[in-house]
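See structure below.
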Amino acid sequence: MPVSITANLSARYAQNSLVKQNDAVNASTARMSSGNRVLSAADDASAMAIGSSLRIENSGLRSAMLNATSATSMLQIADGALGQISELLSRMNVLAVQSSSGQYDDTTRALLNGEFQGLLGEVDRIAHATSFNGVDILAGTPQFELAGGSSLTADGIRNIRLDTSVLTSDSSFRYTYDQATEVMTVTKIDAGAATSQSINLTPLLNGSVGVGIDLSGSQSLEMSFSQLGLTMVLGAGFQRNVDITNPAAVTGATVAVTATTFAPATTNVPNTLVTDLTALTGVYDTATGALNLPLTTSGAGGTVTLDGVPGISFAVNGGAVGASGAASGDLVGAGTTVDVYADLADGSGQVLLGRVTMATVAATGAGTGTMQVDAGGGILTATGTGEVGSRHLTYKVGTGVLAGEDTLGVDVPAMTAQALQLEGLDVLTQMNANAAITAIKDAMTVLNQGRAAIGAQQLRLEAVGRNLGVISENNEVARSAMIDVDVGVEISNLTANQTLMQASIAMLSRANQMPDMLLELLRN
(Lines give C-alpha, C1' and ligand atoms only; values in the text may rest on other atoms or scores of the structure.)
Protein backbone atom coordinates (compact mmCIF):
# COMPACT_ATOMS: atom_id res chain seq x y z
CA MET A 1 0.00 0.00 0.00
CA PRO A 2 1.51 3.40 -0.99
CA VAL A 3 2.31 6.02 1.62
CA SER A 4 0.02 9.05 1.14
CA ILE A 5 -0.48 12.43 2.74
CA THR A 6 -4.11 12.90 1.65
CA ALA A 7 -5.38 9.39 2.38
CA ASN A 8 -4.76 8.43 5.99
CA LEU A 9 -6.20 4.91 5.93
CA SER A 10 -4.89 4.08 9.39
CA ALA A 11 -6.82 7.01 10.84
CA ARG A 12 -9.97 5.89 9.04
CA TYR A 13 -9.64 2.35 10.37
CA ALA A 14 -9.13 3.67 13.88
CA GLN A 15 -12.06 6.08 13.48
CA ASN A 16 -14.43 3.34 12.29
CA SER A 17 -13.36 1.14 15.16
CA LEU A 18 -13.95 4.03 17.58
CA VAL A 19 -17.49 4.60 16.23
CA LYS A 20 -18.25 0.88 16.47
CA GLN A 21 -17.00 0.60 20.04
CA ASN A 22 -18.80 3.81 21.02
CA ASP A 23 -22.10 2.36 19.73
CA ALA A 24 -21.45 -0.87 21.62
CA VAL A 25 -20.69 1.04 24.84
CA ASN A 26 -23.86 3.13 24.42
CA ALA A 27 -25.95 -0.01 23.80
CA SER A 28 -24.50 -1.74 26.88
CA THR A 29 -25.14 1.37 28.96
CA ALA A 30 -28.76 1.51 27.75
CA ARG A 31 -29.29 -2.19 28.50
CA MET A 32 -27.78 -1.89 31.97
CA SER A 33 -29.77 1.22 32.84
CA SER A 34 -33.10 -0.17 31.53
CA GLY A 35 -32.60 -3.77 32.62
CA ASN A 36 -33.73 -4.96 29.19
CA ARG A 37 -31.64 -6.97 26.77
CA VAL A 38 -34.01 -6.11 23.92
CA LEU A 39 -34.52 -2.37 23.64
CA SER A 40 -36.40 -2.40 20.34
CA ALA A 41 -37.70 -4.86 17.78
CA ALA A 42 -34.55 -4.21 15.73
CA ASP A 43 -32.45 -5.83 18.46
CA ASP A 44 -34.38 -9.14 18.43
CA ALA A 45 -37.77 -9.10 16.73
CA SER A 46 -38.87 -12.59 17.79
CA ALA A 47 -37.79 -12.11 21.40
CA MET A 48 -39.60 -8.77 21.53
CA ALA A 49 -42.83 -10.33 20.20
CA ILE A 50 -42.70 -13.39 22.45
CA GLY A 51 -41.66 -11.37 25.50
CA SER A 52 -44.48 -8.86 25.02
CA SER A 53 -47.02 -11.69 24.73
CA LEU A 54 -45.67 -13.31 27.88
CA ARG A 55 -45.82 -10.00 29.75
CA ILE A 56 -49.47 -9.50 28.78
CA GLU A 57 -50.28 -13.11 29.68
CA ASN A 58 -48.60 -12.70 33.05
CA SER A 59 -50.59 -9.56 33.81
CA GLY A 60 -53.76 -11.53 33.14
CA LEU A 61 -52.55 -14.38 35.34
CA ARG A 62 -51.92 -12.00 38.23
CA SER A 63 -55.43 -10.63 37.83
CA ALA A 64 -56.82 -14.18 37.77
CA MET A 65 -54.90 -14.93 40.99
CA LEU A 66 -56.52 -11.89 42.58
CA ASN A 67 -59.92 -13.12 41.40
CA ALA A 68 -59.31 -16.53 42.97
CA THR A 69 -58.25 -14.90 46.24
CA SER A 70 -61.32 -12.64 46.26
CA ALA A 71 -63.56 -15.60 45.46
CA THR A 72 -62.09 -17.53 48.38
CA SER A 73 -62.73 -14.58 50.68
CA MET A 74 -66.29 -14.36 49.40
CA LEU A 75 -66.93 -18.02 50.18
CA GLN A 76 -65.30 -17.63 53.60
CA ILE A 77 -67.83 -14.90 54.38
CA ALA A 78 -70.63 -17.21 53.26
CA ASP A 79 -69.29 -20.06 55.39
CA GLY A 80 -69.06 -17.80 58.43
CA ALA A 81 -72.67 -16.71 57.98
CA LEU A 82 -73.77 -20.33 57.59
CA GLY A 83 -72.02 -21.13 60.86
CA GLN A 84 -74.10 -18.47 62.60
CA ILE A 85 -77.30 -19.75 61.00
CA SER A 86 -76.39 -23.25 62.18
CA GLU A 87 -76.12 -21.97 65.77
CA LEU A 88 -79.51 -20.29 65.46
CA LEU A 89 -81.14 -23.44 64.09
CA SER A 90 -79.67 -25.45 66.95
CA ARG A 91 -81.25 -23.09 69.48
CA MET A 92 -84.55 -23.13 67.57
CA ASN A 93 -84.50 -26.92 67.73
CA VAL A 94 -83.98 -26.77 71.51
CA LEU A 95 -87.01 -24.48 71.86
CA ALA A 96 -89.14 -26.71 69.62
CA VAL A 97 -88.21 -29.81 71.62
CA GLN A 98 -89.07 -28.01 74.86
CA SER A 99 -92.40 -26.82 73.53
CA SER A 100 -93.31 -30.29 72.25
CA SER A 101 -93.21 -31.64 75.80
CA GLY A 102 -96.48 -31.92 77.69
CA GLN A 103 -95.43 -30.18 80.92
CA TYR A 104 -95.71 -26.67 79.43
CA ASP A 105 -98.91 -24.65 79.30
CA ASP A 106 -99.92 -22.19 76.56
CA THR A 107 -98.41 -19.23 78.39
CA THR A 108 -95.01 -20.90 78.64
CA ARG A 109 -95.17 -21.99 75.01
CA ALA A 110 -95.94 -18.41 74.01
CA LEU A 111 -92.75 -17.31 75.76
CA LEU A 112 -90.80 -20.03 73.99
CA ASN A 113 -92.37 -19.01 70.68
CA GLY A 114 -91.33 -15.40 71.18
CA GLU A 115 -87.68 -16.41 71.27
CA PHE A 116 -88.28 -18.90 68.44
CA GLN A 117 -89.69 -16.21 66.15
CA GLY A 118 -86.84 -13.85 66.99
CA LEU A 119 -84.29 -16.48 66.03
CA LEU A 120 -86.21 -17.28 62.84
CA GLY A 121 -86.17 -13.61 61.91
CA GLU A 122 -82.43 -13.46 62.53
CA VAL A 123 -81.88 -16.45 60.23
CA ASP A 124 -83.66 -14.57 57.47
CA ARG A 125 -81.83 -11.32 58.25
CA ILE A 126 -78.40 -12.96 58.09
CA ALA A 127 -79.25 -14.63 54.79
CA HIS A 128 -80.33 -11.32 53.24
CA ALA A 129 -77.57 -9.21 54.81
CA THR A 130 -74.59 -11.42 53.93
CA SER A 131 -72.89 -9.83 50.93
CA PHE A 132 -69.50 -9.25 49.35
CA ASN A 133 -68.81 -6.04 47.46
CA GLY A 134 -72.53 -5.43 47.08
CA VAL A 135 -73.31 -8.96 45.85
CA ASP A 136 -75.84 -10.87 47.97
CA ILE A 137 -74.47 -14.33 48.70
CA LEU A 138 -77.08 -16.28 50.65
CA ALA A 139 -80.31 -14.55 49.66
CA GLY A 140 -80.67 -16.74 46.57
CA THR A 141 -82.35 -15.74 43.34
CA PRO A 142 -85.85 -16.16 41.92
CA GLN A 143 -86.11 -19.32 39.88
CA PHE A 144 -87.21 -19.42 36.25
CA GLU A 145 -88.09 -22.36 34.08
CA LEU A 146 -86.54 -22.21 30.62
CA ALA A 147 -88.24 -23.65 27.56
CA GLY A 148 -87.15 -23.53 23.93
CA GLY A 149 -89.26 -23.50 20.81
CA SER A 150 -86.53 -25.27 18.87
CA SER A 151 -83.76 -27.66 19.74
CA LEU A 152 -80.99 -25.80 21.56
CA THR A 153 -78.72 -28.80 21.09
CA ALA A 154 -79.12 -28.62 17.31
CA ASP A 155 -77.87 -25.02 17.41
CA GLY A 156 -74.91 -26.00 19.58
CA ILE A 157 -76.20 -24.25 22.70
CA ARG A 158 -75.07 -26.25 25.71
CA ASN A 159 -76.49 -24.23 28.56
CA ILE A 160 -78.54 -21.11 29.35
CA ARG A 161 -78.32 -19.16 32.61
CA LEU A 162 -80.36 -16.19 33.76
CA ASP A 163 -79.21 -13.23 35.83
CA THR A 164 -82.16 -12.58 38.08
CA SER A 165 -80.79 -9.20 39.14
CA VAL A 166 -81.61 -8.12 35.58
CA LEU A 167 -84.41 -10.54 34.71
CA THR A 168 -87.15 -9.91 37.25
CA SER A 169 -90.24 -11.04 35.34
CA ASP A 170 -91.34 -13.62 32.79
CA SER A 171 -89.64 -12.95 29.45
CA SER A 172 -89.10 -14.40 26.00
CA PHE A 173 -85.87 -14.35 23.99
CA ARG A 174 -85.07 -14.95 20.34
CA TYR A 175 -81.51 -15.69 19.21
CA THR A 176 -79.94 -15.55 15.75
CA TYR A 177 -76.42 -16.01 14.36
CA ASP A 178 -74.93 -14.59 11.16
CA GLN A 179 -72.04 -16.75 9.94
CA ALA A 180 -70.78 -14.04 7.56
CA THR A 181 -70.04 -11.63 10.43
CA GLU A 182 -69.89 -14.26 13.21
CA VAL A 183 -72.25 -12.17 15.31
CA MET A 184 -74.72 -13.74 17.76
CA THR A 185 -77.76 -11.58 18.55
CA VAL A 186 -80.26 -12.15 21.35
CA THR A 187 -83.49 -10.16 21.46
CA LYS A 188 -85.51 -9.90 24.66
CA ILE A 189 -89.17 -9.73 23.73
CA ASP A 190 -91.54 -7.97 26.10
CA ALA A 191 -95.09 -6.80 25.62
CA GLY A 192 -94.81 -3.96 23.12
CA ALA A 193 -91.00 -3.66 23.12
CA ALA A 194 -87.85 -5.52 22.16
CA THR A 195 -84.26 -5.05 23.34
CA SER A 196 -81.33 -6.64 21.51
CA GLN A 197 -77.67 -7.23 22.30
CA SER A 198 -75.07 -8.63 19.91
CA ILE A 199 -71.67 -10.24 20.53
CA ASN A 200 -68.96 -10.66 17.90
CA LEU A 201 -67.68 -14.21 18.31
CA THR A 202 -64.68 -13.84 15.98
CA PRO A 203 -62.11 -12.62 18.54
CA LEU A 204 -63.50 -14.93 21.22
CA LEU A 205 -63.36 -18.09 19.10
CA ASN A 206 -60.09 -17.18 17.37
CA GLY A 207 -58.41 -16.54 20.69
CA SER A 208 -59.77 -19.75 22.23
CA VAL A 209 -59.66 -22.46 19.56
CA GLY A 210 -58.02 -20.82 16.53
CA VAL A 211 -58.95 -18.95 13.37
CA GLY A 212 -61.88 -20.60 11.61
CA ILE A 213 -61.88 -23.60 13.98
CA ASP A 214 -65.07 -24.88 15.65
CA LEU A 215 -65.41 -25.84 19.29
CA SER A 216 -64.85 -29.56 19.82
CA GLY A 217 -65.06 -32.18 22.53
CA SER A 218 -65.69 -30.63 25.92
CA GLN A 219 -64.71 -27.12 24.81
CA SER A 220 -67.30 -24.42 25.40
CA LEU A 221 -67.59 -20.67 25.05
CA GLU A 222 -69.55 -18.58 27.52
CA MET A 223 -71.26 -15.43 26.23
CA SER A 224 -72.82 -12.98 28.66
CA PHE A 225 -75.65 -10.86 27.29
CA SER A 226 -75.51 -8.79 30.46
CA GLN A 227 -77.97 -6.13 29.31
CA LEU A 228 -80.64 -8.79 28.88
CA GLY A 229 -79.83 -10.92 31.94
CA LEU A 230 -78.94 -14.02 29.92
CA THR A 231 -75.75 -16.08 29.64
CA MET A 232 -75.41 -18.57 26.79
CA VAL A 233 -72.82 -21.34 26.62
CA LEU A 234 -71.90 -22.68 23.18
CA GLY A 235 -70.62 -26.23 22.83
CA ALA A 236 -69.16 -28.54 20.23
CA GLY A 237 -72.40 -28.64 18.21
CA PHE A 238 -72.12 -24.96 17.30
CA GLN A 239 -70.90 -24.42 13.73
CA ARG A 240 -69.26 -21.11 12.86
CA ASN A 241 -70.13 -21.37 9.18
CA VAL A 242 -73.85 -22.11 9.63
CA ASP A 243 -76.47 -19.40 10.12
CA ILE A 244 -79.04 -19.58 12.90
CA THR A 245 -81.87 -17.63 11.31
CA ASN A 246 -85.62 -17.64 10.86
CA PRO A 247 -86.02 -18.88 7.29
CA ALA A 248 -89.13 -19.14 5.16
CA ALA A 249 -89.72 -21.27 2.09
CA VAL A 250 -92.55 -22.14 -0.28
CA THR A 251 -92.64 -25.56 -1.93
CA GLY A 252 -95.01 -27.02 -4.49
CA ALA A 253 -94.89 -27.92 -8.17
CA THR A 254 -97.72 -25.56 -9.09
CA VAL A 255 -96.50 -22.37 -7.45
CA ALA A 256 -93.57 -20.10 -8.35
CA VAL A 257 -92.19 -17.90 -5.55
CA THR A 258 -88.95 -15.88 -5.43
CA ALA A 259 -86.94 -14.34 -2.57
CA THR A 260 -88.94 -15.51 0.45
CA THR A 261 -88.01 -14.06 3.85
CA PHE A 262 -89.53 -14.24 7.32
CA ALA A 263 -89.22 -11.43 9.87
CA PRO A 264 -90.23 -12.62 13.37
CA ALA A 265 -92.35 -10.26 15.42
CA THR A 266 -90.61 -8.43 18.24
CA THR A 267 -93.70 -7.39 20.20
CA ASN A 268 -95.09 -10.76 21.27
CA VAL A 269 -96.78 -11.12 24.61
CA PRO A 270 -94.08 -12.82 26.71
CA ASN A 271 -94.15 -16.59 27.13
CA THR A 272 -97.21 -17.21 24.98
CA LEU A 273 -95.60 -17.90 21.63
CA VAL A 274 -94.12 -21.35 22.13
CA THR A 275 -97.02 -22.57 24.26
CA ASP A 276 -99.61 -21.45 21.74
CA LEU A 277 -97.74 -22.86 18.75
CA THR A 278 -97.34 -26.22 20.46
CA ALA A 279 -101.12 -26.52 20.55
CA LEU A 280 -101.25 -26.40 16.73
CA THR A 281 -101.00 -30.15 16.31
CA GLY A 282 -99.99 -31.25 12.84
CA VAL A 283 -98.66 -27.93 11.55
CA TYR A 284 -96.03 -26.98 14.14
CA ASP A 285 -92.84 -28.98 14.72
CA THR A 286 -91.77 -28.52 18.34
CA ALA A 287 -88.29 -29.91 17.60
CA THR A 288 -87.40 -27.45 14.83
CA GLY A 289 -89.79 -24.56 15.46
CA ALA A 290 -91.12 -24.82 11.88
CA LEU A 291 -94.73 -23.84 11.16
CA ASN A 292 -95.99 -25.61 8.01
CA LEU A 293 -98.93 -23.83 6.37
CA PRO A 294 -100.71 -25.62 3.48
CA LEU A 295 -101.51 -23.63 0.32
CA THR A 296 -103.61 -24.21 -2.79
CA THR A 297 -103.28 -22.96 -6.37
CA SER A 298 -106.39 -22.73 -8.58
CA GLY A 299 -104.61 -23.20 -11.90
CA ALA A 300 -102.06 -21.65 -14.24
CA GLY A 301 -102.33 -17.89 -13.94
CA GLY A 302 -104.90 -18.30 -11.17
CA THR A 303 -104.87 -17.66 -7.44
CA VAL A 304 -102.56 -18.81 -4.66
CA THR A 305 -104.05 -18.95 -1.16
CA LEU A 306 -103.01 -20.29 2.22
CA ASP A 307 -105.49 -22.87 3.50
CA GLY A 308 -107.34 -22.33 6.75
CA VAL A 309 -105.55 -23.72 9.82
CA PRO A 310 -107.33 -23.81 13.20
CA GLY A 311 -105.73 -21.25 15.50
CA ILE A 312 -104.00 -19.34 12.67
CA SER A 313 -105.06 -16.07 10.98
CA PHE A 314 -103.61 -14.17 8.02
CA ALA A 315 -103.38 -10.57 6.85
CA VAL A 316 -102.23 -10.19 3.22
CA ASN A 317 -100.42 -7.03 2.05
CA GLY A 318 -101.26 -5.12 5.22
CA GLY A 319 -104.98 -5.75 4.96
CA ALA A 320 -107.41 -6.72 7.69
CA VAL A 321 -106.66 -9.80 9.75
CA GLY A 322 -108.87 -12.68 8.67
CA ALA A 323 -110.90 -14.89 10.94
CA SER A 324 -109.16 -17.61 12.91
CA GLY A 325 -108.96 -20.77 10.83
CA ALA A 326 -109.95 -18.99 7.60
CA ALA A 327 -107.98 -19.14 4.35
CA SER A 328 -105.89 -16.17 3.30
CA GLY A 329 -106.53 -13.81 0.43
CA ASP A 330 -104.83 -14.19 -2.95
CA LEU A 331 -101.04 -14.04 -2.71
CA VAL A 332 -100.32 -13.60 -6.43
CA GLY A 333 -98.29 -10.50 -7.30
CA ALA A 334 -95.04 -8.71 -6.56
CA GLY A 335 -93.84 -7.81 -3.07
CA THR A 336 -96.52 -9.87 -1.36
CA THR A 337 -96.52 -9.81 2.44
CA VAL A 338 -98.37 -12.15 4.78
CA ASP A 339 -98.69 -11.40 8.49
CA VAL A 340 -99.21 -14.66 10.39
CA TYR A 341 -101.11 -14.62 13.71
CA ALA A 342 -101.71 -17.36 16.30
CA ASP A 343 -104.63 -17.50 18.72
CA LEU A 344 -103.74 -17.19 22.40
CA ALA A 345 -104.41 -20.37 24.33
CA ASP A 346 -106.60 -18.58 26.87
CA GLY A 347 -108.83 -17.18 24.14
CA SER A 348 -107.95 -13.57 24.97
CA GLY A 349 -106.81 -12.63 21.48
CA GLN A 350 -104.02 -13.22 18.99
CA VAL A 351 -100.26 -12.84 18.87
CA LEU A 352 -98.29 -11.84 15.77
CA LEU A 353 -95.76 -14.49 14.81
CA GLY A 354 -94.12 -12.49 12.05
CA ARG A 355 -94.28 -11.34 8.45
CA VAL A 356 -93.47 -13.39 5.35
CA THR A 357 -92.29 -11.33 2.36
CA MET A 358 -92.13 -12.72 -1.19
CA ALA A 359 -90.67 -10.89 -4.19
CA THR A 360 -93.06 -12.55 -6.65
CA VAL A 361 -95.84 -15.12 -6.40
CA ALA A 362 -97.50 -16.86 -9.37
CA ALA A 363 -99.54 -20.02 -9.99
CA THR A 364 -98.23 -22.35 -12.69
CA GLY A 365 -101.01 -24.91 -12.39
CA ALA A 366 -103.64 -26.38 -10.10
CA GLY A 367 -102.42 -28.18 -7.00
CA THR A 368 -101.19 -27.86 -3.43
CA GLY A 369 -98.01 -26.82 -1.68
CA THR A 370 -96.60 -25.69 1.65
CA MET A 371 -95.31 -22.45 3.12
CA GLN A 372 -92.84 -23.15 5.92
CA VAL A 373 -91.79 -20.41 8.36
CA ASP A 374 -89.43 -20.74 11.30
CA ALA A 375 -91.90 -19.14 13.68
CA GLY A 376 -90.67 -20.80 16.87
CA GLY A 377 -87.03 -21.29 16.00
CA GLY A 378 -84.50 -19.63 18.25
CA ILE A 379 -87.06 -18.80 20.93
CA LEU A 380 -86.46 -19.17 24.66
CA THR A 381 -89.04 -18.54 27.35
CA ALA A 382 -88.28 -17.86 31.01
CA THR A 383 -91.18 -18.36 33.41
CA GLY A 384 -90.94 -17.64 37.12
CA THR A 385 -91.64 -20.57 39.44
CA GLY A 386 -92.18 -18.52 42.59
CA GLU A 387 -89.32 -20.33 44.33
CA VAL A 388 -85.91 -19.12 45.49
CA GLY A 389 -82.85 -21.07 44.39
CA SER A 390 -79.07 -20.98 44.50
CA ARG A 391 -77.10 -17.97 43.33
CA HIS A 392 -74.72 -18.85 40.53
CA LEU A 393 -71.42 -17.00 40.71
CA THR A 394 -68.84 -17.14 37.93
CA TYR A 395 -65.21 -16.42 38.75
CA LYS A 396 -62.58 -15.63 36.12
CA VAL A 397 -59.57 -17.79 36.93
CA GLY A 398 -57.84 -17.81 33.54
CA THR A 399 -56.82 -15.50 30.74
CA GLY A 400 -59.03 -17.00 28.01
CA VAL A 401 -62.77 -17.23 27.44
CA LEU A 402 -63.44 -20.98 27.47
CA ALA A 403 -66.06 -21.94 30.03
CA GLY A 404 -64.82 -24.58 32.45
CA GLU A 405 -61.17 -23.80 31.67
CA ASP A 406 -60.93 -20.06 32.24
CA THR A 407 -64.03 -19.58 34.39
CA LEU A 408 -65.18 -21.38 37.51
CA GLY A 409 -68.86 -21.49 38.38
CA VAL A 410 -70.02 -21.78 42.00
CA ASP A 411 -73.61 -22.30 43.12
CA VAL A 412 -74.21 -20.83 46.57
CA PRO A 413 -77.46 -22.20 48.03
CA ALA A 414 -80.09 -19.81 49.34
CA MET A 415 -80.42 -19.84 53.12
CA THR A 416 -83.42 -17.60 53.68
CA ALA A 417 -86.35 -18.76 55.78
CA GLN A 418 -88.27 -19.35 52.56
CA ALA A 419 -85.49 -21.39 50.97
CA LEU A 420 -85.08 -23.47 54.15
CA GLN A 421 -88.87 -23.91 54.30
CA LEU A 422 -89.05 -22.41 57.79
CA GLU A 423 -91.59 -19.70 57.04
CA GLY A 424 -94.73 -19.84 59.15
CA LEU A 425 -93.32 -22.16 61.80
CA ASP A 426 -94.17 -21.67 65.47
CA VAL A 427 -94.07 -23.62 68.73
CA LEU A 428 -97.38 -22.46 70.19
CA THR A 429 -98.73 -26.03 70.33
CA GLN A 430 -97.25 -29.49 70.69
CA MET A 431 -98.30 -30.33 67.13
CA ASN A 432 -96.70 -27.19 65.73
CA ALA A 433 -93.56 -27.79 67.79
CA ASN A 434 -93.22 -31.32 66.42
CA ALA A 435 -93.67 -29.99 62.89
CA ALA A 436 -90.99 -27.39 63.62
CA ILE A 437 -88.58 -30.11 64.80
CA THR A 438 -88.94 -31.95 61.50
CA ALA A 439 -88.58 -28.75 59.45
CA ILE A 440 -85.49 -27.65 61.39
CA LYS A 441 -83.81 -31.02 60.88
CA ASP A 442 -84.49 -30.80 57.15
CA ALA A 443 -83.13 -27.23 57.16
CA MET A 444 -79.99 -28.38 58.96
CA THR A 445 -79.47 -31.03 56.29
CA VAL A 446 -79.76 -28.41 53.56
CA LEU A 447 -77.42 -26.06 55.45
CA ASN A 448 -74.79 -28.76 56.03
CA GLN A 449 -74.90 -29.74 52.37
CA GLY A 450 -74.45 -26.09 51.44
CA ARG A 451 -71.49 -25.67 53.80
CA ALA A 452 -69.89 -28.82 52.41
CA ALA A 453 -70.30 -27.55 48.85
CA ILE A 454 -68.87 -24.15 49.77
CA GLY A 455 -65.95 -25.78 51.58
CA ALA A 456 -65.18 -27.92 48.55
CA GLN A 457 -65.21 -24.86 46.31
CA GLN A 458 -62.91 -23.02 48.73
CA LEU A 459 -60.39 -25.85 48.49
CA ARG A 460 -60.71 -25.81 44.72
CA LEU A 461 -60.15 -22.06 44.54
CA GLU A 462 -57.11 -22.33 46.79
CA ALA A 463 -55.71 -24.98 44.46
CA VAL A 464 -56.50 -22.74 41.49
CA GLY A 465 -54.63 -19.87 43.14
CA ARG A 466 -51.57 -22.02 43.82
CA ASN A 467 -51.57 -23.34 40.27
CA LEU A 468 -51.87 -19.84 38.86
CA GLY A 469 -48.93 -18.81 41.03
CA VAL A 470 -46.77 -21.58 39.58
CA ILE A 471 -47.83 -20.73 36.03
CA SER A 472 -47.17 -17.03 36.62
CA GLU A 473 -43.74 -17.75 38.08
CA ASN A 474 -42.70 -19.94 35.15
CA ASN A 475 -44.17 -17.44 32.73
CA GLU A 476 -42.09 -14.68 34.28
CA VAL A 477 -38.94 -16.80 34.07
CA ALA A 478 -39.57 -17.38 30.37
CA ARG A 479 -40.22 -13.69 29.78
CA SER A 480 -37.11 -12.70 31.70
CA ALA A 481 -34.97 -15.08 29.65
CA MET A 482 -36.30 -13.47 26.49
CA ILE A 483 -36.20 -9.79 27.42
CA ASP A 484 -34.15 -9.07 30.55
CA VAL A 485 -30.45 -8.28 30.42
CA ASP A 486 -27.88 -10.73 31.81
CA VAL A 487 -25.98 -8.34 34.08
CA GLY A 488 -22.80 -10.45 34.26
CA VAL A 489 -22.57 -10.86 30.49
CA GLU A 490 -23.39 -7.22 29.83
CA ILE A 491 -20.79 -5.93 32.32
CA SER A 492 -18.16 -8.09 30.61
CA ASN A 493 -19.24 -6.72 27.23
CA LEU A 494 -19.20 -3.16 28.55
CA THR A 495 -15.70 -3.55 30.01
CA ALA A 496 -14.35 -5.09 26.81
CA ASN A 497 -15.94 -2.42 24.63
CA GLN A 498 -14.65 0.39 26.86
CA THR A 499 -11.11 -1.06 26.62
CA LEU A 500 -11.38 -1.31 22.84
CA MET A 501 -12.75 2.22 22.72
CA GLN A 502 -9.75 3.54 24.66
CA ALA A 503 -7.42 1.62 22.34
CA SER A 504 -9.22 3.09 19.30
CA ILE A 505 -8.79 6.61 20.70
CA ALA A 506 -5.07 6.03 21.27
CA MET A 507 -4.54 4.54 17.80
CA LEU A 508 -6.53 7.33 16.15
CA SER A 509 -4.31 9.86 17.85
CA ARG A 510 -1.18 8.08 16.58
CA ALA A 511 -2.62 7.69 13.08
CA ASN A 512 -3.40 11.40 12.87
CA GLN A 513 0.32 12.12 13.45
CA MET A 514 1.46 10.09 10.42
CA PRO A 515 1.07 12.96 7.82
CA ASP A 516 3.38 15.09 9.97
CA MET A 517 5.98 12.34 9.82
CA LEU A 518 5.78 12.34 5.99
CA LEU A 519 6.52 16.09 5.95
CA GLU A 520 9.93 15.30 7.40
CA LEU A 521 10.77 13.54 4.10
CA LEU A 522 9.87 16.71 2.20
CA ARG A 523 12.00 18.87 4.45
CA ASN A 524 14.99 16.64 3.84
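If you check Thr69, Thr108 for being of a type in the set (Val, Ile, Thr) and closer than 25 Å to Ile471 by Cβ, only one passes: Thr69. Considering Leu66, Leu95, the condition of being under 30 Å from Met431 (Cα atoms) and at pLDDT 80 or above is satisfied by Leu95 alone. The set of residues from region 313-339 being more than 20 Å from Ala363 (Cα to Cα) and modelled with pLDDT of 90 or more comprises Ser313, Gly318, Gly319, Ala320, Val321, Gly322, Ala323, Ala326, Asp339.
Of all residues in region 513-524, none satisfies being surrounded by 13 or more Cβ atoms within 10 Å (Cβ to Cβ) and closer than 15 Å to Ser17 by Cα.
On inspection, Thr305 qualifies as modelled with pLDDT of 90 or more, crowded, with 17+ Cβ neighbours inside 10 Å and not assigned by TED's automatic domain parsing to the domain that holds Ser172. Within region 471-524, work out how many residues are over 30 Å from Val397 (Cβ atoms) and part of a helix (DSSP H, G or I). Residues meeting the conditions: 35.
Is it the case that region 417-440 has a residue that's in a strand (DSSP E or B) and either under 28 Å from Gly455 (Cα atoms) or not β-branched (Val, Ile, Thr) (or both)? So far as region 417-440 goes, no, none of its residues is in a strand (DSSP E or B) and either under 28 Å from Gly455 (Cα atoms) or not β-branched (Val, Ile, Thr) (or both). In region 510-521, the residues that are in the same structural domain as Tyr13 (by TED's automatic domain parsing) form Cβ pairs under 7 Å with partners that are in a helix (DSSP H, G or I), at six or more places apart or across chains, as follows: Ala511/Ser10; Ala511/Ala11; Ala511/Ala14; Asn512/Ala11; Met514/Ser10.
Yes/no matrix, rows are residues, columns are (1) β-branched (Val, Ile, Thr); (2) in a helix (DSSP H, G or I); (3) more than 30 Å from Leu119 (Cα to Cα):
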position	(1), (2), (3)
Val19	yes, yes, yes
Leu54	no, yes, yes
Glu57	no, yes, yes
Ser90	no, yes, no
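The values are calculated or read from the model by the stated rules, or taken from the named source; none is laboratory data. Computed from a prediction, not measured in an experiment: that's the story for all the values here. Using ideal geometry, Cβ is built from the backbone for each residue, glycine included, and neighbour counts are taken over all protein chains shown.
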